[in-house]
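Input: a single structure, listed below in structure tokens.
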Amino acid sequence: MTLTGHSLIAGQTVVGEGKTAFGFNPATNEQLDPAYSLISDGQLKQATAAAKEAYSSFSTLDPETHAGFLEAIADNIEAIGDELIIRASQETGLPAARLQGERARTTGQLRLFATVVRQGDFRGVRIDPAIPDRAPLPRADIRQRQIPLGPVAVFGASNFPFAFSTAGGDTASALAAGCPVVFKAHNAHPGTGELVGQAVAKAVKDFGLHPGVFSLVYGPGASIGQALVADPSIKAVGFTGSQAAGIALMKTAAARREPIPVYAEMSSLNPVFVFEGALKGDIDTLAQQYVTAVTGSSGQLCTSPGLLFAPAGELGDKLAAAVGRAVSASAGQTMLTEGIAKSWTRGAENLGNADGVQVIGQGTPGSTENAPAPTIFGTGVTEFTSNHVLHEEIFGAASLMIRYSSVEDLLQAAARIEGQLTASLQLTEEDYPTAARLLPVLEQKVGRIIVNGWPTGVEVGHAMVHGGPFPATSDSRTTSVGTLAINRFLRPVAYQNLPQELLPEALQDANPWHLNRRIDGEVVAAAEKAEVSA
């Protein structure tokens, strides 16, 4: 596929009227061709206007066409082949194996949402049949369904060029809900974004959909990104990135004449709690697993463990020593951009200079540019609870080991932690009573609780929650991974006393879309026959 270096607006290549930007290879800091032209505010209006026009037809697609469209996107992405992996590796420094797995996750979640669309429960059909002879007042016929919010703005993430980017989770769930998408490409991997954008646009064209269903735009986040969120045609936002950028978008969305929801995934330290029982086993293996979780993908994962709580005393000392040995044997990996590498260095220096913090172990810098040495720091629980610097996320291969002397220390420290995506517990059966005291605290702090595992790696399925209280996300009631993510882009509408001829297909007595429905409070499967009228 040919890279044009331009935005793709409603199926057309559009040369930006602004400045140009390049991707860079972070392993060498080498500039990559082509140059990408950045659009103006006026050109952005073309994309949002087209998305608004596309809403009427796209939001009412029949399930089979809709599902087939999502599957076609997945097929088109896979059809790009090695070209996509090579370009993504050049732009991110990520190894081919990691990118191949991420591509499979991306196409897999598109196909998963296709099954959700066919099955149809997300439409939330509820029917309360009329009761004309009810005393003292009759009951009207009331029917409810979930409808798409409208056009959605999605922002690409730096650390996941596929899974949280052009056709990633936010785009997939918005399209599955029936919402057109205007995608703001991440300028760190513009070529990767364009290749996947072409795959999406091809599916739109091949299925004869309105071209405004999908647009891919390039522009500065501080101007075009803000203008996109402020545009009145946009009805919701999906974002994965820094806390500062996420909050800026939230403020813009809240200040609109019509405020809209921003579903932002921002920052997380993903604490790990190690209990004494877990330290009576193979400490070296536990330490190596921790270091692997910290250093994988150069620590540039939203679920990388930035905190580890371990007991004081002899067993905790052995774990600290084992962690020091394990991390000392590690080497730095290329980070996503030069800017991210510099930010990691500043964060690590600030943490290392904080009172009561020591270096437990440090690896060696990598052989490429922007590959700093992984580092594990250590401190006590008193220092942690009293110093906010120790609660700040360092995006990259760094983590802080905190020693606690009692269960009360641990509970107090957990209560001081801000909202997180995950919390992990390393324990054995003898630790269950202590863990039972900690769990109610963690339920108020995180979206996912893990036992005897590590937070890195997020299963894309029906039960997964990838979210959490602020500042992990902007809305703790939602998830950005898994089929429940579709709910972010829907809202309920009730229809009272409408004749069959005016009801949408999902609510008609004939049930032409074969949906499961809740009739008068009782769940009725699509295959069952049920009398709707009283």
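Applying the selection to the stretch 349-371, what residues are in contact (Cβ under 8 Å) with a residue 60 or more places away in the chain and acidic (Asp, Glu)?
First, pick out the residues of the stretch 349-371 that are in contact (Cβ under 8 Å) with a residue 60 or more places away in the chain: 363, 368-371.
Glu369 - this is the single residue of the stretch 349-371 that is in contact (Cβ under 8 Å) with a residue 60 or more places away in the chain and acidic (Asp, Glu).
Just need a number here: residues in the stretch 168-199 that are over 14 Å from Ile486 (Cα atoms) and not hydroxyl-bearing (Ser, Thr, Tyr). It would help to see each step written out before you state the result.
Just the residues of the stretch 168-199 that are over 14 Å from Ile486 (Cα atoms), to begin with: 182-199.
Cutting the leftovers down to not hydroxyl-bearing (Ser, Thr, Tyr) gives us 182-191, 193-199.
Total meeting the criteria: 17.
For the stretch 387-411, taking the residues that are within 28 Å of the chain's Cα centre (by Cα) and either open to solvent by 50 Å² or more (accessible area, probe 1.4 Å) or polar (S, T, N, Q) (or both), the one that is farthest from Ala354 (Cα to Cα) is identified as Phe395.
For the stretch 270-288, the set of residues classified as under 24 Å from the mean Cα position of the chain (by Cα) and either open to solvent by 20 Å² or more (accessible area, probe 1.4 Å) or on the phi > 0 side of the Ramachandran plot (or both) consists of Asn270 only.
Considering the stretch 308-348, the residues that are without any contact (Cβ under 8 Å) to a residue 12 or more places away in the chain and within 27 Å of Ala27 (Cα to Cα) include one that is least open to solvent (accessible area, probe 1.4 Å), namely Gly339. Would you say Val262 is farther than 27 Å from Lys45 by Cβ, surrounded by 22 or more Cβ atoms within 10 Å (Cβ to Cβ), modelled with pLDDT of 95 or more and not hydroxyl-bearing (Ser, Thr, Tyr)? So Val262 does not fit the description; no.
Of the helices (runs of 4 or more DSSP H) contained entirely in the stretch 1-109, those carrying at least 1 residues that are in contact with a Lys or Arg (Cβ under 6 Å, 6 or more places away or on another chain) and open to solvent by less than 40 Å² (accessible area, probe 1.4 Å) fall at 63-80.
Based on what the data block shows, is Val446 open to solvent by 10 Å² or more (accessible area, probe 1.4 Å), touching a Lys or Arg at 6+ places or on another chain (Cβ under 7 Å), closer than 30 Å to Leu249 by Cβ and not polar (S, T, N, Q)?
So Val446 fails the test.
Applying the condition of being under 19 Å from Pro305 (Cα atoms) and among the polar types (S, T, N, Q) to the stretch 449-474 and asking which residue is surrounded by the most Cβ atoms within 10 Å (Cβ to Cβ) yields Thr473. Confirm whether Leu175 is more than 21 Å from Leu228 (Cβ to Cβ), at pLDDT 95 or above, open to solvent by less than 10 Å² (accessible area, probe 1.4 Å) and assigned to a helix (DSSP H, G or I). Criteria not met by Leu175. Restricting attention to the stretch 412-434, which residues are of a type in the set (A, V, I, L, M) and surrounded by fewer than 17 Cβ atoms within 10 Å (Cβ to Cβ)? Matches in the stretch 412-434: Ala415 only.
Among the residues here, Ile260 does not qualify as touching a Pro at 6+ places or on another chain (Cβ under 8 Å) and in a loop (DSSP other than H, G, I, E, B).
Check the stretch 114-126 and report whether any residue there is of a type in the set (A, V, I, L, M) and in contact with a Pro (Cβ under 7 Å, 6 or more places away or on another chain).
Step one: list which residues in the stretch 114-126 are of a type in the set (A, V, I, L, M), which gives 114, 116-117, 125.
Then keep just the ones that are in contact with a Pro (Cβ under 7 Å, 6 or more places away or on another chain); that gives 117.
Yes, that holds for at least one residue.
Among the residues making up the stretch 372-391, a single one is assigned to a loop (DSSP other than H, G, I, E, B), touching a residue at least 40 places away in the same chain (Cβ under 8 Å) and either out of contact with any helix residue (DSSP H, G or I) (no Cβ under 7 Å at 6 or more places or on another chain) or farther than 30 Å from Phe24 by Cα (or both): Ala373.
Out of curiosity, is Arg477 closer than 30 Å to Leu442 by Cα, open to solvent by 30 Å² or more (accessible area, probe 1.4 Å), of a type in the set (Lys, Arg) and within 33 Å of the chain's Cα centre (by Cα)? Spelling it out, Arg477 is indeed closer than 30 Å to Leu442 by Cα, open to solvent by 30 Å² or more (accessible area, probe 1.4 Å), of a type in the set (Lys, Arg) and within 33 Å of the chain's Cα centre (by Cα).
Out of all the residues in the stretch 427-440, is one or more in contact (Cβ under 8 Å) with a residue 40 or more places away in the chain and within 24 Å of the chain's Cα centre (by Cα)? Let's see the steps before the verdict.
Residues of the stretch 427-440 that are in contact (Cβ under 8 Å) with a residue 40 or more places away in the chain, as a first pass: 427-431, 434-435, 438.
Right, trim to within 24 Å of the chain's Cα centre (by Cα) and you get none.
No.
In the stretch 500-525, the residues that are touching a residue at least 24 places away in the same chain (Cβ under 8 Å) and in a loop (DSSP other than H, G, I, E, B) form Cβ pairs under 6 Å with partners that are among the acidic types (Asp, Glu) and surrounded by fewer than 17 Cβ atoms within 10 Å (Cβ to Cβ), at six or more places apart or across chains, as follows: Trp513/Glu505; Asn516/Asp121.
Modelled with pLDDT under 95 and among the small types (Gly, Ala, Ser): which single residue out of Gly447, Gly457 fits that description? So that I can check it myself, show each step before the final result.
On the way: Gly447 fails: modelled with pLDDT under 95.
Gly457 is the lone residue from the list that is modelled with pLDDT under 95 and among the small types (Gly, Ala, Ser).
Is it true that Ala50 is of a type in the set (A, V, I, L, M), in contact (Cβ under 8 Å) with a residue 24 or more places away in the chain and under 24 Å from Met335 (Cα atoms)? Considered against the rule, which asks whether it is of a type in the set (A, V, I, L, M), in contact (Cβ under 8 Å) with a residue 24 or more places away in the chain and under 24 Å from Met335 (Cα atoms), Ala50 comes out as no. Ile247 meets each of the listed conditions (1) open to solvent by 40 Å² or more (accessible area, probe 1.4 Å); (2) in a helix (DSSP H, G or I); (3) more than 26 Å from Asn159 (Cβ to Cβ) apart from (3).
The values are calculated or read from the model by the stated rules, or taken from the named source; none is laboratory data. These numbers come from a predicted model, not from an experiment. Virtual Cβ from ideal backbone geometry, glycine too; neighbours counted across all protein chains shown. Keep in mind that these areas ignore ligands, DNA and RNA; they rest on the heavy atoms of the full protein, side chains included. Shrake-Rupley method; radii C 1.70, N 1.55, O 1.52, S 1.80 Å.
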